[in-house]
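Accompanying notes for the structure given below.
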Ligand SMILES: Cc1cc2nc3c(=O)[nH]c(=O)nc-3n(C[C@H](O)[C@H](O)[C@H](O)COP(=O)(O)O)c2cc1C
């Protein structure tokens, strides 16, 4: 019998399309602030939780964009989690620069002052995390900012224990594509997460399957 090949199992895709497979994700709306010109937003996919003590997030910012200058200057930023209502903001904030237009004003977004940082939060976001830059490094024209969490907020009643309620309507982003041949711009796709489809899955059975010594280690 011949071994099945990778091509028997999968469709091969290009490197650009590889980003389609870890979806849905939640893009962040990054809020930063210029001392005189005021706040700006940009869309960001290159962010991650990057450690505890202090609890920190890593955000990769191209050195070409306005947000880079603002974070460098102030040492502060906010990661806002968009609801589906903010799909226009996610689109616009990822396409045009705050150097050319006041995006918050153009989108008519409501903001509220931050509690620990001098950067506003987005009132219609599912949640906002206030961060101060604790460290950064540069790699290929991008700065990777480590932001330490100063305060974090979720919309009223949206946290059920440690799980975000799907009623909060988080934007489960699936990516963008040319949906129609004559489209002027790409379409953005997101999944409609219905609270009825939230599943809870206990891990007991798979832990039971471990050898006893290992089981004790993981359940201690
Ligand atoms: C879905 C999406 C994700 C993006 N992620 C990032 C990112 O993580 N880092 C980055 O530097 N730019 C990212 N961009 C590009 C910026 O959002 C874009 O250059 C924006 O216009 C910069 O705005 P600014 O000049 O006002 O800062 C992303 C764009 C889109 C559409």
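What follows draws every value from the coordinates through simple rules; no lab data is involved. Note that the structure is predicted; figures quoted are calculated from it, not measured. Reconstructed Cβ throughout: ideal geometry from the backbone, glycine too, with neighbour counts over all protein chains shown.
Overall shape: rounded for segment 13-142, with the ratio a/c of the largest to smallest alpha carbon gyration tensor axis below 1.5. For the pair segment 66-88 / segment 1-53, the C-alpha centres are spaced 16 Å from each other. Ordering 32-44, 159-171 by mean Cβ neighbour count within 10 Å, with the highest value first, yields 32-44, 159-171. Computed from the C-beta positions of residue 20 and residue 219, the FRET efficiency with R₀ = 25 Å rounds to 0.10. Look at where the Cα atoms of segment 123-149 and of segment 150-200 average out, and the two centres are 21 Å apart. Sorted on the mean count of surrounding Cβ atoms within 10 Å across their residues, most packed first, peptides 176-183, 145-152 read 145-152, 176-183.
Each peptide among 197-203, 138-144 gets the average number of other Cβ atoms lying within 10 Å of its residues, and from highest to lowest they stand as 138-144, 197-203. Once the C-beta distance of residue 12 and residue 87 is scaled by a Förster radius of 22 Å, the resulting FRET efficiency is 0.10 to the nearest 0.05.
Inter-label distance, residue 196 to residue 180: 3.0 nm, where each label sits 7 Å from its Cα along the C-beta direction.
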